[in-house]
Each structure stands twice: as C-alpha cells, then as structure tokens.
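For reference, the structure discussed in these notes is given below.
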Amino acid sequence: MSYIAIIPARGGSKGIIGKNTRLVAGEPMVAWTLNAAIHARSIDRCILTTDDPLIADIGRDRGVSLIHRPSHLAGDSATTESAMLHVLEEIEGTFDAAADSLVLLQPTSPLRNAADIDEAVKLYEHRKADSLLSVAQSHHFYWKDLDEPKALYDFQRRPRRQDMKRQEKYFKENGAIYISRVSGFLENKNRLFGSIAIYPMLEKSSIEIDEEWELEIADFLLKTAMKVEK
C-alpha cells in the first residue's frame with residue numbers, strides 16, 4: 001500500500017498567535033511533525049498545505065512537497081477535511097494521486113514521532129481498517145454539566161485508578177494520527193468512516209497544543225528527551 005502524509009498548517013490561530021512557527025525545543029512547532037513524517041518508513045510522500053509563507057519556507061527547507069492553501073480554506077471556520085480535499089484536487093492526475101491512503105498529521109501534536117506513524121500504519125493494515133485514529137487511555141473521573149452536575153462514573157463506589165486500568169477502558173482522541181483510505185474519504189468527506197481502528201499512544205506523547213501551558217510542557221518534554229538521546 002502507498003501512503004501520502006498531509007500536514008495542514010495554517011498561519012492563523014486564535015489560542016496561540018503564530019502557533020505553528022513558535023519554537024518548541026529549538027524548532028518551529030510544525031517542524032517536529034514534518035521531521036516525523038519524513039523519517040517514517042511507511043510514508044511515500046509528505047505534503048505540507050499552508051497559507052503562510054514562513055511555514056512554507058520551513059517545509060521547503062526540509063524538502064517536502066508544498067501546496068498553497070487558499071484563504072477561504074484557512075480561516076477559523078474552515079475544516080481540516082476541506083484542506084485534505086483540496087490537496088487531493090491539486091495532485092489529481094499525478095502519480096501520487098494513486099495512493100491508497102492518507103495520513104493526516106496535525107502540527108499540534110509535536111511529541112508524535114516517526115515510530116508512532118509506522119506502528120499506526122502497521123495496525124491499520126493488520127486490521128484491514130478503512131480509517132484509524134490515535135488515542136490515549138484515560139483514567140480520569142469525568143463529570144458533565146456545571147449547572148446540573150452528573151458523574152460519568154459511580155462516585156458512591158469510587159474505583160481505584162489501578163482498578164480502572166484493569167477494568168473498563170476509556171480512550172480520548174489525541175489528534176496526532178489519522179489514516180483514511182482515499183476512496184472512502186472522497187465518498188464520506190470525513191477522516192473517519194467504515195471499519196475504524198484505534199492506535200493507542202502514551203499520554204505524555206499525546207499532548208495536543210492549543211494553550212500556552214501545553215506549549216511549555218511540550219518544550220520541556222522534548223528538551224528532556226533530547227538530553228536522554230545525547
């Protein structure tokens with residue numbers, strides 16, 4: 001099977017200004033995802049779609065394919081699926097258009113690495129899935145509705161965390177890796193459809209950056225990992 005990685009990185013961001021170019025452990029945030037895609041053995045082509053010249057330069061320096069993301073697909077209301085569809089339209093008729101599956105890699109997950117991508121692809125193929133998403137196991141006690149609070153667990157028989165790990169398991173979508181069979185994606189216009197597989201990742205590798213404090217944690221974890229590697 002052949003795989004195209006799509007990295008959607010627009011210039012605008014409400015939560016963190018210039019988020020994709022902010023430095024994380026000495027690299028622009030988007031660079032961590034680009035590097036992971038480049039080094040993943042399962043990826044045949046890496047495509048960066050962006051509306052921002054600075055982000056495009058970061059991709060150009062790393063030798064990835066670039067597609068200009070038009071302004072109407074780069075606003076706050078634009079969906080990631082619309083950017084993916086635009087990429088497929090732009091490469092239509094090329095050799096790469098015959099790829100079996102798309103691997104969506106969002107730059108907001110800089111701790112996801114090449115090994116994660118390759119393992120996710122391996123699971124996707126093993127399960128013969130139509131689509132896949134990455135997750136992190138959750139052991140938290142969730143409530144909903146601040147006005148009329150309702151527990152999503154039996155608080156009268158509060159389980160121990162170690163028991164939760166052994167019993168019913170809950171997983172949260174971490175936004176790091178999505179895989180979609182091209183034919184199904186074009187039909188459903190959604191990254192997830194059909195037979196869905198889930199690829200579990202460590203919680204510390206599942207940080208999805210939307211706030212400054214998450215940026216600081218990612219910076220610390222990546223710098224620590226770099227020191228260990230040395």
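The values are calculated or read from the model by the stated rules, or taken from the named source; none is laboratory data. The shown structure was predicted, so the numbers you read here are calculated from the model rather than taken from an experiment. Note: ideal-geometry Cβ built from the backbone for every residue, glycine included; neighbour counts use all protein chains shown.
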Considering only residues that are closer than 21 Å to residue 90 by Cβ and surrounded by fewer than 17 Cβ atoms within 10 Å (Cβ to Cβ), which ones fall in segment 1-11? 2
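Checking the condition more than 18 Å from residue 116 (Cα to Cα), surrounded by fewer than 15 Cβ atoms within 10 Å (Cβ to Cβ) and among the β-branched types (Val, Ile, Thr), which residue from 17, 58 passes? Step through it out loud before you land on a result.
Numbers: 58 fails: surrounded by fewer than 15 Cβ atoms within 10 Å (Cβ to Cβ).
After applying the criteria, what remains is 17.
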Select from segment 61-73 the residues that are surrounded by fewer than 21 Cβ atoms within 10 Å (Cβ to Cβ) and either within 25 Å of residue 207 (Cβ to Cβ) or among the acidic types (Asp, Glu) (or both) and list them in ascending order. 61, 62, 64
What single numbered condition from (1) touching a residue at least 40 places away in the same chain (Cβ under 8 Å); (2) more than 16 Å from the chain's Cα centre (by Cα); (3) not in a helix (DSSP H, G or I) fails to hold for residue 46? (2)
For the condition at pLDDT below 95 and either farther than 16 Å from residue 51 by Cβ or hydroxyl-bearing (Ser, Thr, Tyr) (or both), what is the one hit in 127, 112, 157? 157
Being of a type in the set (D, E, K, R) and either under 24 Å from residue 126 (Cβ atoms) or modelled with pLDDT under 90 (or both) narrows it down to one residue among 169, 189; which is it? 169
Being within 17 Å of residue 209 (Cβ to Cβ), in contact with a strand residue (DSSP E or B) (Cβ under 9 Å, 6 or more places away or on another chain) and β-branched (Val, Ile, Thr): is that true of residue 33 here? yes
Which residue pairs have Cβ atoms under 9 Å apart, sit 6 or more places apart or on different chains, and have a first residue in segment 1-20 that is at pLDDT 95 or above and among the basic types (Lys, Arg) and a second that is assigned to a loop (DSSP other than H, G, I, E, B) and crowded, with 24+ Cβ neighbours inside 10 Å? none
